[in-house]
Amino acid sequence: MAILKVARLGHPVLRQVAKPVPPAAISTPEIQRLIDDMIETMHEYDGVGIAAPQVHQSLQLAVIEVASNPRYPQAPHIPLTVLINPDITACVADQHVGWEGCLSVEGLRGQVPRARRLSVRWLDRAGRAVSREVEGFFAVVIQHEVDHLQGKLFLDRMTDLTTLTHLLEYDRYWLRHEDDAD
Ligand code: NI
């Protein structure tokens, strides 16, 4: 396993639409190693998710996990989830605004409106089809990671850039005012 270099805002790979992973390729050592390395990289940088374009691989693949995370101390637990070729259907009428950050947008956080509930289909790392209804923080993280696979960043989804803040200022000026609904 290896910790991978994370692409930062401005790198063109973050703006490409990622290619689907051919289902027959999921079991190959290359893809399995990429998944393991993405999990290790996510843990190393205290991410709650990371998408393959963030490690310079333009593939429809993302990993998500929230155990106890110092970057998101209030976040509910999410088991380790490997999303391959995800497809989401969101209820756009039911949105919630919450704080997001990104390992590719280091040191910044901003408020982003997201659907509260989603229907999601994906392939897991064994190539099995999964279909789930998800809500709350898990739904937010999935939308954030699926955006990466479409070449989008949370900045593109912000409707009010006045909430964009460095982390120190987030702690100092915003944290105490937050409603921790998520
Ligand atoms: Ni991100």
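The values are calculated or read from the model by the stated rules, or taken from the named source; none is laboratory data. What you are looking at is a predicted structure, and each value in this text was computed from that prediction instead of being measured. Methodologically, a virtual Cβ is constructed for each residue, glycine included, from the backbone with ideal geometry; neighbour enumeration extends over all protein chains shown. Just so you know, the surface numbers come from the protein's heavy atoms only, side chains and all, with ligands and any DNA or RNA stripped out. Shrake-Rupley method; radii C 1.70, N 1.55, O 1.52, S 1.80 Å.
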Any residue at all in the stretch 114-122 that's in contact with a Cys (Cβ under 6 Å, 6 or more places away or on another chain) and surrounded by fewer than 21 Cβ atoms within 10 Å (Cβ to Cβ)? yes
List the pairs whose first member sits in the stretch 35-51 and is closer than 22 Å to Q74 by Cα and free of Cβ contacts under 8 Å to residues at least 60 places away in the same chain, whose second member is polar (S, T, N, Q) and outside any helix (DSSP H, G or I), and whose Cβ atoms are under 9 Å apart, counting only residues at least 6 apart or on separate chains? D46/N69; G47/N69
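Do we have I88 as touching a residue at least 12 places away in the same chain (Cβ under 8 Å) and surrounded by 21 or more Cβ atoms within 10 Å (Cβ to Cβ) here? Before you say what the answer is, go through the steps one by one.
Working: touching a residue at least 12 places away in the same chain (Cβ under 8 Å): yes; surrounded by 21 or more Cβ atoms within 10 Å (Cβ to Cβ): no.
No; evaluated as a whole, the condition is false for this residue.
Looking at L175, L155, can you tell me which residue is closer than 24 Å to D46 by Cβ and within 18 Å of the chain's Cα centre (by Cα)?
On the way: L175 fails: within 18 Å of the chain's Cα centre (by Cα).
Of L175, L155, the one residue that is closer than 24 Å to D46 by Cβ and within 18 Å of the chain's Cα centre (by Cα) is L155.
If we scan the stretch 166-181, do we find a residue that is open to solvent by less than 50 Å² (accessible area, probe 1.4 Å) and of a type outside the set (S, T, Y)? Can you show your working first?
First pass over the stretch 166-181, keeping only residues open to solvent by less than 50 Å² (accessible area, probe 1.4 Å): 170.
If we keep only those that are of a type outside the set (S, T, Y) as well, we get none.
Scanning the stretch 166-181, I find no residue that is open to solvent by less than 50 Å² (accessible area, probe 1.4 Å) and of a type outside the set (S, T, Y), so the answer is no.
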Take the stretch 1-37 and flag every residue that is closer than 15 Å to C102 by Cβ and open to solvent by less than 40 Å² (accessible area, probe 1.4 Å). V6, A7, V13, L14
Those residues that are open to solvent by 60 Å² or more (accessible area, probe 1.4 Å) and at pLDDT below 85, I need them from the stretch 61-70; list them, please. S68, P70
